[in-house]
Amino acid sequence: TKLLTEGDKVVGVECCVDGATQTVNGSVVIATGGFAGDLSPTSVLSKSAPQLTKLPTTSDERSSGDAIALCGAVGAGVENLDTVDLTPLAAVMPNAPDSQ
């Protein structure tokens, strides 16, 4: 649920396991699946590459950018979020022109 810090270093995480909050101390590696699944006006995609929010996507709510927000809460830097890899795996169907 959050990253734990000492000064400007991340030293652990607070997480929820089976409904209980736990603290794990040690090195932290952040690996994320992306952020193109959240098309809301306040999303990472809308802020970083708003021109892409109207394109069809195969991303869903699991790709929400939560990890980017988690890191931002402790002042971690991010870069190149405007560089999004587009792969032609999605299409707007003629009978559903408003679908994404």
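The values are calculated or read from the model by the stated rules, or taken from the named source; none is laboratory data. Owing to the predicted nature of the structure, the values given are computational and were not obtained by experimental measurement. For neighbour counting, all protein chains shown are included, and Cβ atoms are generated from backbone atoms with ideal geometry for every residue, glycine included. When the accessible area is computed, the model is the full protein with side chains, heavy atoms only, and any ligands, DNA or RNA have been set aside. Shrake-Rupley method; radii C 1.70, N 1.55, O 1.52, S 1.80 Å.
Within the shell defined by Cβ-Cβ distances under 14 Å, the residues around Val13 carry a net charge of -1, with Lys and Arg each +1 and Asp and Glu each -1.
Please report the carbon-and-sulfur percent of the accessible area for the chain; probe 1.4 Å, protein heavy atoms only, DNA, RNA and ligands left out. Show your work: numbers first, answer last.
On the way: 3770 of 7240 Å².
Accessible surface attributable to carbon and sulfur in the chain totals 52 percent.
Roughly what % of DSSP beta bridges within the chain run antiparallel, to the nearest 5?
On the way: 11 of 11 bridges.
Once the DSSP bridges in the chain are tallied, antiparallel ones form about 100 percent.
Solvent exposure of the chain amounts to 72 Å² per residue of accessible area, where only protein heavy atoms count and the probe is 1.4 Å.
Translational D (Stokes-Einstein, µm²/s) of region 38-80 at 10 °C and 1.306 mPa s when Rh comes from the Kirkwood sum over C-alpha pairs? Kindly include the intermediate steps, with their values, before the conclusion.
Working: Rh = 11.2 Å.
It diffuses with D of about 142 µm²/s by this estimate.
Counted by Cβ distance under 12 Å from Gly72, the other residues give a net charge of +1, where Lys and Arg count +1 and Asp and Glu count -1.
Inverting the mean 1/r over all pairs of different Cα atoms, compute the Kirkwood radius of region 1-96 and quote it in Å. Write down the numbers at each step before the final one.
On the way: mean 1/r = 0.0653 Å⁻¹.
Final number for the Kirkwood radius of region 1-96 is 15.3 Å.
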